[in-house]
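The values are calculated or read from the model by the stated rules, or taken from the named source; none is laboratory data. The shown structure was predicted, so the numbers you read here are calculated from the model rather than taken from an experiment. Counting neighbours? That spans all protein chains shown, and the Cβs are built from the backbone with ideal geometry, glycine included.
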Amino acid sequence: MRIAFLDRDGTLVPEQPDDVWSTLDRLDLIPGTTEALKSLQLLGYELILITNQYPIGEGVLTQSRYDELAQGLLDVFTDNGIDVLDVFYCPHARGDGCDCIKPRPGLIQRALEKYPATELERSILIGDSDSDMELAIHFGMKAFALPGSAQAVIHPLVNRVETLSDVLPQLATTTNDSPDQMTHPLQ
Ligand SMILES: [Mg+2]
Ligand SMILES: [Zn+2]
């Protein structure tokens, strides 16, 4: 099973100052997001969100408000024919010393425990922060860096893109991560 691990804030929805999240009625998608996610699905990727939500642990976003916003986002995906397999989030404060705040490995470790058929060498991670890239590198996973601190990370596994939809042509032309139907072109 191949997974596209997706950061949420700054990747699927616009980044906000930490104290603004609690004032939002809903999460709007960055334009082009639903089309890009549909294309990833068509290429055979299961979609898993991995997101740091330290505003919960730091008291600027309540758990119930987070839950409402997160469910609203999933509803938008469902309405657009996008199946998100799962969401793993870190609710801890930055100073808590937890093992799941990116770039620590906990969120992906939990995903691997829940979905043991995951093939990391065929999976990808997309994010806008250097912590996303560090996490991908830790697991040896191909990564795509959207504009943000992610693009400062220089590593053979890290590919820079300008938008989420720019990931797709790169997948189609990369042998290691080519779509299933292109893996054996001679058959
Ligand atoms: Mg982000
Ligand atoms: Zn955590």
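The residues on offer are D25, D19, and the sole one that is in a helix (DSSP H, G or I), modelled with pLDDT under 95 and either within 16 Å of ligand 2 (Cβ to nearest atom) or more than 17 Å from the chain's Cα centre (by Cα) (or both) is D19.
For region 6-28, give me each residue that is away from ligand 1 (no atom under 12 Å from the Cβ) and either in contact with a helix residue (DSSP H, G or I) (Cβ under 8 Å, 6 or more places away or on another chain) or basic (K, R) (or both).
To start, the set of residues in region 6-28 that are away from ligand 1 (no atom under 12 Å from the Cβ) comprises 17-28.
D18, D19, W21, S22, L24, R26, L27, listed by residue number.
If you go through region 1-14 one residue at a time, do you hit one that is surrounded by fewer than 19 Cβ atoms within 10 Å (Cβ to Cβ) and away from ligand 2 (no atom under 16 Å from the Cβ)? Yes, region 1-14 has at least one match. If the condition is being crowded, with 17+ Cβ neighbours inside 10 Å and outside any helix (DSSP H, G or I), then region 52-83 contributes N52, Q53, L61, I82. The single condition among (1) at pLDDT 95 or above; (2) in a loop (DSSP other than H, G, I, E, B) that R110 does not meet is (2). For beta carbons closer than 9 Å, sequence separation of 6+ or different chains, a first residue in region 102-121 that is among the aliphatic types (A, V, I, L, M) and a second that is exposed (fewer than 14 other Cβ atoms within 10 Å of the Cβ) and assigned to a loop (DSSP other than H, G, I, E, B), the qualifying pairs are A117/M1; L120/G140. Residues that are within 13 Å of ligand 2 (Cβ to nearest atom), closer than 21 Å to V158 by Cα and of a type in the set (K, R) within region 90-141 comprise K102, R104, listed in sequence order.
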